[in-house]
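Engineer: Pasting in a structure now, in structure tokens, and then I'll have a few things to ask.
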Amino acid sequence: MCGIVGYLGMKQAAPMLVSGLKRLEYRGYDSFGIATIGSSLVSAKKCGRISESDGYAASLEGRMGIGHTRWATHGVPNDVNSHPHLDCTGSIAIVHNGIIENYSVLRRHLEGRGHHFASETDTEVIVHIIEEYYTGDLLEAVKKTLPHLEGSYAILAIAENDPRIIAAREASPLVLGIGDGEWFAASDMTPLLDYTQQVVFLEDGDIAALSPDGICVFHEGVEVSRSAERIEWDIEAAKKGGFAHFMLKEIFEQPKVFYDSVSAAIDPATIRAIQDAGGLMVVACGTSYHAALIFRYLIEQLCQIPVRVELASEFKYFTPPMQDLVIAVTQSGETADTIAALKMAKAHNCGTLGITNVLGSSVTRVADHIVYTQAGPEISVAATKSFIAQIAVFLNLINNLCDRQYDEVLHTVHQAIETVLLEDISVAAEYCKRAHDIFFIGRGVMYPAALEGALKMKEITYIHAEGYAAGELKHGPFSLLSPETPVVALCTPGDSYAVMLSNIKEVKARGAPVIGIGREGDRELAEVADVMISVPPTHPLTDIVTTSVVLQLLAYHTANALGRDIDKPRNLAKSVTVE
Ligand code: F6R
């Protein structure tokens, strides 16, 4: 959710922190702040986005410092609630990502001992407890503080007269970077890529000290060695590269992303785990949940393997009967609900498989098996290429389960995506732009595609949109249809084609304009739809991918026509590390 960053080296820290926070802004962007230590500890923080207001922060003095970009949980976004938070003396500063669940008890206790609290945040208790223990050794003070905290945290702390940045993690991501005489800490590796590809992923319970002499990591009081890993992600992939928005760039990267993800070798042990499982369950949230629903339709149809798909956010409180193998789908690898569901599955002795885009993310530490999507860094808050990569991984798994009988078709899908990227979406976007509500309808595997199309549309355009199984519209939502309510109908060939055409005609008869997405050359659909967007006439397996790309483009162009903040839609954050 929030992004944190730390720098210690020979350069001025503030500009490094500001540039790191700009890369992390997609994790949260309602306020920001940094603290540095030169001759003394100084800090600057502000409500709003760092990309719009960084001048003062970047001028702070000092060669070590910490920074934060916030997605508010406790306390409204304002200057005071922004991080860093300081102790009563103003000589210790911390930034924090996560939630301290027992903060109100701790706060009452600390106030009773005379501490003055400036903000409404849960975070501020941490720095006041550190203050209680600080006698000149920040590492020791943090070590004594952590046992008091319940909840999740990634923390960076600095103090005057201590030359170190102290980092600690529990159920919140934190990665350290090793540069040339300089050290970094961050919520994820995107801010590090400019300076180093050598990173150390901290484990839950780790405390690390970054100093001019290097990095020391401690676990349960003992110094441990955590080996550095080399990151292959390219910094260019985390830049806009001439596109108006990251989202558009990421949509255009999908031919390669699909090809790489569908072709990547999968550990035979993972395939065996699926084959040997008596039952499969997939847990996920948001867009990843929609990818999981698509997987269910495909694997049940093509391999006759039944699958339960569960919202991870429901799982903890309404646990369904467990299955032999539980698969967590999470592009970030950090979604709190998904990780919690996977941990519960492990506690029930289920086998676990994680599908993620991020090396070293939390899911990779929990799951028995891991399959990586090959999407590269995704900066836009709306998931696009990570979703297509998830579908590609699912198709890759299915192909492996079916003795690779889909090799040929799967290796042509990227060309079909390239064709779709050239489609003119402007007329359809014009219909959507004027709407207050939009329905997306499909049947079979196109039903979860419709859910995802609606999610993308509402997420970045702020227009209310709903995905429906096409046959369900007449059981209630018909009452909402009008000329101002476009219906996007996913209508590619297959068993349900004829009934979809009937559903479209029913919609038209109630006055709603129809945007039909179907195969190129489909005259029947073109005649009944007000606007038709074509996907190439290839293979049924390709249609789910090409149709999904069209829906992404439709949401993008509608949001662009409305002048929305496409890469950072209001109220959202990319990585949801709180329940
Ligand atoms: C929507 C979107 C979210 C995420 C959801 C799960 O565009 O990105 O719905 O899909 O927050 O995130 P991950 O996949 O990281 O677990």
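The values are calculated or read from the model by the stated rules, or taken from the named source; none is laboratory data. None of the values given here were measured: they were computed from a predicted structure. Reconstructed Cβ throughout: ideal geometry from the backbone, glycine too, with neighbour counts over all protein chains shown.
Engineer: Could you count how many residues in region 451-498 are charged (D, E, K, R) and in contact (Cβ under 8 Å) with a residue 60 or more places away in the chain?
Structural biologist: Count: 3.
Residue by residue, here is whether (1) assigned by TED's automatic domain parsing to the domain that holds Tyr29; (2) touching a residue at least 40 places away in the same chain (Cβ under 8 Å); (3) over 28 Å from the mean Cα position of the chain (by Cα) holds:
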{"position": "Ile50", "(1), (2), (3)": "yes, no, no"}
{"position": "Arg63", "(1), (2), (3)": "yes, yes, yes"}
{"position": "Thr69", "(1), (2), (3)": "yes, yes, no"}
{"position": "Gly90", "(1), (2), (3)": "yes, yes, yes"}
{"position": "Leu106", "(1), (2), (3)": "yes, yes, yes"}
{"position": "Leu110", "(1), (2), (3)": "yes, no, yes"}
{"position": "Arg113", "(1), (2), (3)": "yes, no, yes"}
{"position": "Phe117", "(1), (2), (3)": "yes, no, yes"}
{"position": "Thr121", "(1), (2), (3)": "yes, yes, no"}
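Engineer: Please count how many residues of region 233-275 are of a type in the set (Phe, Trp, Tyr), closer than 21 Å to Asp567 by Cα and part of a helix (DSSP H, G or I).
Structural biologist: Within region 233-275, residues that are of a type in the set (Phe, Trp, Tyr), closer than 21 Å to Asp567 by Cα and part of a helix (DSSP H, G or I) number 2.
Engineer: Oh, and also: Would you be able to say whether some residue in region 508-523 is within 16 Å of the ligand (Cβ to nearest atom) and crowded, with 23+ Cβ neighbours inside 10 Å?
Structural biologist: Looking for residues that are within 16 Å of the ligand (Cβ to nearest atom) and crowded, with 23+ Cβ neighbours inside 10 Å, one finds none in region 508-523, hence no.
Engineer: Could I ask something else about it? Here are some residues: Ile370, Ile379. Which one is surrounded by fewer than 24 Cβ atoms within 10 Å (Cβ to Cβ) and part of a loop (DSSP other than H, G, I, E, B)?
Structural biologist: Ile379
Engineer: Can you name the residue in region 320-340 that is of a type in the set (A, V, I, L, M, F, W, C) and within 16 Å of the ligand (Cβ to nearest atom) and, of all such residues, is farthest from Val309 (Cα to Cα)?
Structural biologist: The extreme case among them is Ala336.
Engineer: Could you go through region 159-181 and let me know if any residue there is of a type in the set (D, E, K, R) and in a strand (DSSP E or B). Lay out the reasoning, then the answer.
Structural biologist: Let us first name the residues in region 159-181 that are of a type in the set (D, E, K, R), namely 160, 162, 164, 169-170, 180.
Now narrow it down to the ones that are in a strand (DSSP E or B): 169-170.
Yes, some residue in region 159-181 is of a type in the set (D, E, K, R) and in a strand (DSSP E or B).
Engineer: Mind checking whether some residue in region 565-577 is aliphatic (A, V, I, L, M), surrounded by fewer than 22 Cβ atoms within 10 Å (Cβ to Cβ) and away from the ligand (no atom under 14 Å from the Cβ)?
Structural biologist: no
Engineer: Still on this structure, please answer the following. Output the residues belonging to region 375-408 that are touching a Leu at 6+ places or on another chain (Cβ under 7 Å) and at pLDDT below 95.
Structural biologist: Selection gives Val381 alone.
Engineer: Inside region 388-496, counting only strands (runs of 3 or more DSSP E) that do not spill past its ends, which hold 1 or more residues that are within 16 Å of the ligand (Cβ to nearest atom)?
Structural biologist: In region 388-496, 437-442, 464-469 are the strands (runs of 3 or more DSSP E) which contain 1 or more residues that are within 16 Å of the ligand (Cβ to nearest atom).
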